[in-house]
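Computed from the coordinates by the stated procedures, all read-outs in this text should not be read as laboratory data. Since the structure is predicted, the reported quantities are computational estimates derived from the model, not experimental observations. No Cβ is skipped: glycine too gets one built from the backbone with ideal geometry, and neighbour counts run over all protein chains shown.
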Amino acid sequence: MTRIDFYDLTSSSHNSDGLVCKLCHKAYQSKQSVLLLTANQQQTDKLDRMLWTSEEESFLPHDQQEQPGLLTPILINHQADPRGERQLLINLSNEIPLYFAQFERVIELVAEDNKELARSHYSYYKDRGYELKHHKL
């Protein structure tokens, strides 16, 4: 069953974009493929740029579109079609995608500006019996 992790950033100095880059880097190092589901094209473009510069001495292979016959290790998209075997979904969108259960793990971020939305997502997963973990940063 899919494991759901909530990362609470409401009382920390972490910013959500920086944490997303760190999570992507950690997933890549552990050979997990990632779908970074964003809320819109603007956020997709921003995170695309950030992943190019987040780690000075490393490279995080990523793209905004899946290439035919190639599984991009980190796919960033706001309208993603989750083809392929991906282990991790980082959900930054306002919706819970219908296909979330095909992932081994889902990460949701809780920040000052999305507390109500995060509560709604938490309740959705809990009501369906998913294992939930809460990480306060």
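For the chain, the longest piece that avoids every one of the trypsin sites (Lys or Arg not before Pro) found in DSSP loops with at most 15 other C-beta atoms within 10 Å covers 32-82.
Cross-link pairs exceeding 23 Å between alpha carbons, from the set Lys46/Lys126; Lys22/Lys133; Lys31/Lys126: Lys46/Lys126; Lys31/Lys126. List the chymotrypsin sites (Phe, Trp or Tyr not before Pro) within the range 51-109 that DSSP assigns to loop and that have no more than 11 neighbouring Cβ atoms inside 10 Å. Counting only loop positions with at most 11 other Cβ atoms within 10 Å, the chymotrypsin sites (Phe, Trp or Tyr not before Pro) in the range 51-109 are Phe59.
Take the Cα of Glu95, step 7 Å toward its Cβ, do the same at Lys133, and the gap between the two points is 2.8 nm. Counted by neighbouring Cβ atoms within 10 Å, the residues Glu66, Glu116, Glu131, Glu108 run from fewest to most as Glu116, Glu131, Glu66, Glu108. Working note: Karplus 6.51/-1.76/1.60 with θ = phi - 60° gives the range 65-82 the couplings 9, 6, 8, x, x, 9, 8, 5, x, 10, 9, 10, 6, 9, 9, 5, 9, x Hz, where Gly and Pro are set to x. Among Asp45, Asp17, Asp113, the largest mean-square fluctuation in a Gaussian network model of the chain, built with springs joining Cα atoms closer than 10 Å, belongs to Asp113.
For the chain, the spherically averaged projection of the C-alpha convex hull amounts to 8.1 nm². Listed by chain and number, the aspartates and glutamates whose C-alpha is less than 16 Å from the C-alpha of Lys115, apart from same-chain residues fewer than 8 away, are Asp5, Asp8, Glu95. Across the range 1-76, Cα-Cα distances exceeding 15 Å account for 59% of all pairs. Taking a point 7 Å out from the Cα of Leu71 in the direction of its Cβ, the residues of the range 87-121 whose backbone N falls within less than 19 Å of it are 87-91, 99-107.
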